[in-house]
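The values are calculated or read from the model by the stated rules, or taken from the named source; none is laboratory data. As the structure is a prediction and not an experimental result, all values here were calculated from the model. In this analysis, Cβ positions are derived from the backbone assuming ideal geometry, glycine residues included, and neighbour counts consider all displayed protein chains. The area values use the complete protein model at the heavy-atom level, side chains included, leaving out ligands, DNA and RNA. Shrake-Rupley method; radii C 1.70, N 1.55, O 1.52, S 1.80 Å.
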Amino acid sequence: MKHLTVKITTLAAFTMLATLGAQNVQAHDHDQGKFAIAIHGGAGTITRANLNDEQEAAYKAKLDEAISAGYAILADGGSSSDAVIAAVQIMEKSPLFNAAKGAVYTWEGEHELDASFMRGDTLEAGAVAGVKRIASPIALAREVQEKSVHVMLSGVGAEQFAEQQGFEFVDNKMFDTDHRYQQLQDAKAKIMESEQPEQQAWQQLDTKYKYGTVGAVARDKQGNLAAATSTGGMTAKRYGRIGDSPIIGAGTWADNESCAVSATGHGEYFIRYHVAADICSRMKYQQVDVKTAGDAVIHGVLKDAGGTGGVIIVDHKGNVHMPFNTEGMYRASRVEGGETEVAIYQD
Ligand code: ASP
């Protein structure tokens with residue numbers, strides 16, 4: 001009898017443990033989070049009045065194409081690094097955005113391109129600034145992360161590295177578009193008319209002269225985060241001006257323990273307030289959620305300082321948040337099991 005009781009008790013305990021175990025697995029699975037991707041195509045004075053139906057449809061279609069490409073990689077078990085690079089490259093090739101083809105012009109009438117990439121598992125990063133002849137600056141940024149001992153390469157040196165790595169070179173004119181050229185003429189006229197033409201363009205021009213930077217953040221099935229950003233910077237930029245986009249911590253950040261961020265907006269402010277890293281640090285050290293951290297920086301710190309722009313964020317569980325303090329931000333997201341969401345304006 002005693003023997004039987006022990007047996008029953010053991011069985012009950014075993015069943016209980018097994019049930020608890022199953023619950024734990026469920027809870028654990030839930031805790032594991034979801035794979036997810038978010039992208040942006042720049043923030044700024046983007047209102048319904050500024051875009052006709054055809055332009056709106058074109059932007060939405062390209063955002064949809066980019067997010068779908070990244071999502072397919074994640075759904076297939078691919079890495080967040082591959083997903084963000086694929087999404088950004090689709091936007092780099094499109095004349096709609098201020099990155100590679102469609103990049104804004106410098107004061108001298110050229111294109112100087114900046115890009116950066118970071119992975120959240122190792123905190124390894126790569127960036128290029130002021131490159132002029134590389135078809136895909138984001139691919140070069142990743143190459144810097146993977147194949148060089150440095151984090152950031154610039155100008156001629158970055159192109160020497162690209163040549164050594166067998167990268168394809170293109171003529172700077174390949175990035176030309178008529179609408180960006182017109183923006184340069186408008187910007188120069190505005191600056192020259194002003195009382196202080198020596199001021200940097202960014203002090204004089206409103207946000208319509210710079211929006212269109214592209215970026216992507218993702219969390220893959222393994223729980224690894226990655227972020228990528230690529231831009232032509234600001235119209236009429238001079239003196240080798242570099243914005244936040246290639247600066248790790250300012251325009252791009254990824255850390256598996258908190259979140260991945262890609263930024264767009266008035267770069268000088270994003271550099272000074274190290275926006276991307278600040279959002280993730282808040283999550284990590286204040287233990288706040290992605291919405292609280294993102295809103296505090298974009299609608300609090302940045303706005304109070306006079307900085308305009310926005311970010312896309314995916315956290316370590318696959319939650320996505322895309323705050324911006326401008327009229328609009330081209331953006332899209334898709335979380336495992338959900339539908340693609342594409343949006344441009346505030347509402
Ligand atoms: N952040 C970019 C820069 O300042 C521009 C942009 O995102 O619109 O170069």
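Using a Förster distance of 45 Å, how high is the FRET efficiency between THR340 and GLU163, based on the Cβ-Cβ distance and rounded to 0.05? Once rounded, the FRET efficiency stands at 0.75.
Assign one of three labels to the range 58-147, namely rounded, prolate or oblate, based on the Cα gyration tensor with a ≥ b ≥ c the square roots of its eigenvalues; rounded applies when a/c is under 1.5, prolate when it is not and a/b is larger than b/c, and oblate otherwise. The partial results should precede the final answer.
Details: a/c = 3.05, a/b = 1.23, b/c = 2.47.
Here the range 58-147 falls in the oblate category.
Extension gain for ASP186-HIS299 works out to 37.7 nm (0.36 nm per residue, less the C-alpha to C-alpha distance). Mean separation of Cα pairs under 8 Å and 6 or more residues apart, divided by the residue count, gives the chain a relative contact order of 24 percent.
For the chain, the solvent-accessible area works out to 44 Å² per residue, with a probe of 1.4 Å and every protein chain left in place.
Rounded to the nearest percent, how much of the accessible area of the range 224-312 (1.4 Å probe, protein heavy atoms only) is carbon and sulfur?
Values: 1410 of 2780 Å².
C and S atoms contribute 51 percent here.
Among the listed pairs LYS173/LYS237; LYS34/LYS284; LYS60/LYS303; LYS221/LYS291; LYS60/LYS284, which are separated by more than 25 Å between their Cα atoms? Walk me through the intermediate numbers first.
Working: LYS173/LYS237 17 Å; LYS34/LYS284 19 Å; LYS60/LYS303 27 Å; LYS221/LYS291 22 Å; LYS60/LYS284 33 Å.
Where the Cα-Cα span goes over 25 Å, the pairs concerned are LYS60/LYS303; LYS60/LYS284.
Extending 7 Å from the Cα toward the beta-carbon at both GLN55 and GLU193 defines two label points whose distance is 1.9 nm.
For LYS62, the aspartates and glutamates whose Cα falls under 18 Å of its own Cα, not counting residues fewer than eight places away in the same chain, are ASP53, GLU54, GLU92, GLU339, GLU341.
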